[in-house]
Amino acid sequence: MLWPIDLIVLTFVIFCAIAAITVRDLLGTAILFSAYSFLMCLLWAVMGAVDVAFTEASVGAGVSTVFFVAAVFRTSRRTKD
Amino acid sequence: MGDILPLIVAKYNFWLYIVLMMIGLYAMIAKNNLMKKLVGMNIFQTAIILFYVSIGYKHGATIPIIQGGHGGHSAHDAVIHAADYINPLPHVLMLTAIVVSVATFGVAMALCVRIYQRYQTLEEDELRMRVSEMITHE
Amino acid sequence: MKFFGFVIVCLTGGLLLYGTMDLPDWGDPGSPASTHLSDYYIEHIVEETQVPNLVTAVLADYRGYDTMFETAVVFCAGLACFLLLRDFRPGKDRYFRHVPTGVMLHFKNPDTRLVAGNEFEHMDKEWVPSDMIIKTVCRILIPFIQIYALYVVAHGDFSPGGGFQGGVIFGSSLILMAISYNLKTLVKRVTEKFLSIFAAAGVLIYVGIGVAAMLMGGHFLDYGMLAPLLPSDPGHIRALGMLGVEIGVGIAVMAVMVIIYINIVSEGRHDEGL
């Protein structure tokens, strides 16, 4: 594997994680968390773990986001921090 | 300076994984909103999974699907070398962990909805206040 | 609390960074994790099980117990969501539309019931008028997603994928139906009873295959013992056993994902929601 791709994707993952926990809107958190999961899935595909990447793409980025949005729909978008 | 560059190339991945883990841990401790805490928990979880998967990586190896193994005809002719394929064992263990993580995430979301139904808030400090109000009322 | 948390995080991170000094180099083929057990798996799986995808072979055959209880965990998650949220009382505010005239009726008393047959239609107060483009695209897309999910389950032995991924994709196709139309459309087509039976049946298929192997005189989940039951090449019997197990996992995961979604989005009432 090429180390520049690895390093760039890993940096994006860390930025997405920081953004997901700092943004002051829970719907924004849901979408940023989905982006985080997709980048993580890319990282695993680069690393050769195809099964894990496939699972993360369908489970982490797909269904988890849907659950999160459904829960935000039934509670509130408001967050203090 | 001559020693430090190979060390960075060999270890920078692990350092960045630890940064990711600590972001998740900080969110779990310091954030006030319950859903933010859950996102922190999931970040922590994926960082650990990432660390495990990266342990199985080998330089110059390919994905763990045996070439020509379909049907088992040609596989007997060629000898399989373990160094040619990435270690599948961490992948299996972490596949289990990902699926369990989505199950726990679903239950956690159900709990959040239930808490909101009862107390109309997801903020930790307001929640603590309302719980103590309810206790003094009774 | 923030400062305290920051100190804890810095301390833990520092200790972990110190711990990385003892780890083997990144991608080192001779690291301890890649030398003992995994070499055996890589070199012997194809001759023992005829399955080229090593991850599926280890997941469903060598570590079969692990996967069985993982399916049980997923089933328990569905059960926990049902028990936490399911609410059989009718909602407080209900809207009905008289179909011939289009008059809307608003009920505030939950005990009132409408007896007229098809003249009144239950309206969803959370309902958002959905776009025709979204409806049409989703209607065309859903069958393809489902076919792809079945492909992923069936080809779990030869390519990336397997029961979990296929089940999750199938479940999300059903969730897509709820999002693009409305929740009532999904609940009418896929009833709660159906989903509950499927969630339990998936786990039961898995355990049943294990018990069948035991009845044939082998160990629990020893697929090689099932050879007399199936008129196929005995060399492929382990691959077939894995396929059966993956189907069980896929069914359970599909049903549980839909159960969790419906319960969260409708607060357990199963009538109105996203």
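The values are calculated or read from the model by the stated rules, or taken from the named source; none is laboratory data. Because the structure is predicted, anything quoted here is derived from the model rather than measured. Note that each Cβ is placed from the backbone with ideal geometry, even for glycine, and that neighbours are counted across all protein chains shown. Protein only, heavy atoms only, side chains kept; ligands, DNA and RNA dropped before computing areas. Shrake-Rupley method; radii C 1.70, N 1.55, O 1.52, S 1.80 Å.
Data overview
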read-out	value
Qualifying positions in segment A:17-27 - more than 13 Å from chain C (Cβ to nearest Cβ) and open to solvent by less than 20 Å² (accessible area, probe 1.4 Å)	A:Ala17, A:Ala20, A:Leu26
Per-region count, segment B:27-56, residues under 18 Å from A:Asp81 (Cβ atoms) and within 10 Å of chain C (Cβ to nearest Cβ)	6
Residue match in segment C:214-229 (condition: within 14 Å of another protein chain (Cβ to nearest Cβ), surrounded by fewer than 23 Cβ atoms within 10 Å (Cβ to Cβ) and either outside any helix (DSSP H, G or I) or in contact with a strand residue (DSSP E or B) (Cβ under 8 Å, 6 or more places away or on another chain) (or both))	no
Failed item, numbered, when C:Ala199 is tested on (1) among the hydrophobic types (A, V, I, L, M, F, W, C); (2) open to solvent by less than 50 Å² (accessible area, probe 1.4 Å); (3) at pLDDT below 90	(3)
Enumeration of residues in segment C:89-101 that are in a loop (DSSP other than H, G, I, E, B) and either in contact with a Pro (Cβ under 6 Å, 6 or more places away or on another chain) or open to solvent by 40 Å² or more (accessible area, probe 1.4 Å) (or both)	C:Arg89, C:Pro90, C:Lys92, C:Asp93, C:Val99, C:Pro100, C:Thr101
From C:Val245, C:Val249, C:Val207, C:Val190, residue being touching a residue at least 24 places away in the same chain (Cβ under 8 Å), aliphatic (A, V, I, L, M) and open to solvent by 40 Å² or more (accessible area, probe 1.4 Å)	C:Val207
Residue check, A:Phe54 crowded, with 16+ Cβ neighbours inside 10 Å and modelled with pLDDT of 90 or more	yes
Test for C:Val190: is it at negative phi and more than 13 Å from chain A (Cβ to nearest Cβ)	yes
